[in-house]
Amino acid sequence: MAAVRSNQDSTPVFIAFGFFPTYTTPPGEPTMFCPKCGTENLDNNFRCTKCQEVLHPSAHPAVVTSDETLGGMIPSKNTAALAAYYLGVFSAIPFLGIPLGIAALVLGIRGARNAREHPEVKGKVHAWVGIIAGGLFALLYLGIIGLMVVSSK
């Protein structure tokens, strides 16, 4: 036989081996009723405490129909502009600046032409960064080498 004891709000609680305490909804908590069996459940319960019916079905996954998340920032469809951008940035490295700068200049021109002919691929800014940075650093390092050659004579 189970011992019956009362808690503060005089709700009976059964204490014995094999028995679970009776569950009552705490006062002031938001509740909802199970659509299958009508049992009152806490609002944050995922399943009904009596029949295990799902009370809050999971939301349907969102379907992405366009690729506008990074399309405006990273021109993944205009690889020449993207490569020109990175080569232009890395052409600031001494001794590597000349070959990387020339490659950035050529790829930047290709990427700008591609962005002008096909506006949906984007990448004008990346192409121009490659053209300006690549050309600037290539000329700078060629000038430094030229000055070193002239001053050594």
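Summary table below
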| item | result |
| --- | --- |
| Qualifying residue in segment 55-71 (condition: surrounded by 13 or more Cβ atoms within 10 Å (Cβ to Cβ), in contact with a strand residue (DSSP E or B) (Cβ under 9 Å, 6 or more places away or on another chain) and either under 30 Å from P27 (Cα atoms) or not charged (D, E, K, R) (or both)) | yes |
| Residue that is surrounded by the most Cβ atoms within 10 Å (Cβ to Cβ), among those in segment 72-95 that are out of contact with any His (no Cβ under 9 Å at 6 or more places or on another chain) and at pLDDT below 90 | S76 |
| Failed criterion for I132 (all others in (1) assigned to a helix (DSSP H, G or I); (2) free of Cβ contacts under 8 Å to residues at least 24 places away in the same chain hold) | (2) |
| Single residue of P27, P35, P57 found to be in contact with an Asp or Glu (Cβ under 9 Å, 6 or more places away or on another chain), at pLDDT 75 or above and farther than 30 Å from G123 by Cβ | P35 |
| Where a residue in segment 74-92 is within 14 Å of V125 (Cβ to Cβ) and its partner, wherever it lies, is charged (D, E, K, R) and part of a helix (DSSP H, G or I), with Cβ under 6 Å and at least six apart | A80/R110 |
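The values are calculated or read from the model by the stated rules, or taken from the named source; none is laboratory data. Since the structure is predicted, the reported quantities are computational estimates derived from the model, not experimental observations. Every residue, glycine as well, gets a Cβ built from its backbone with ideal geometry; the counts of neighbours run over all protein chains shown.
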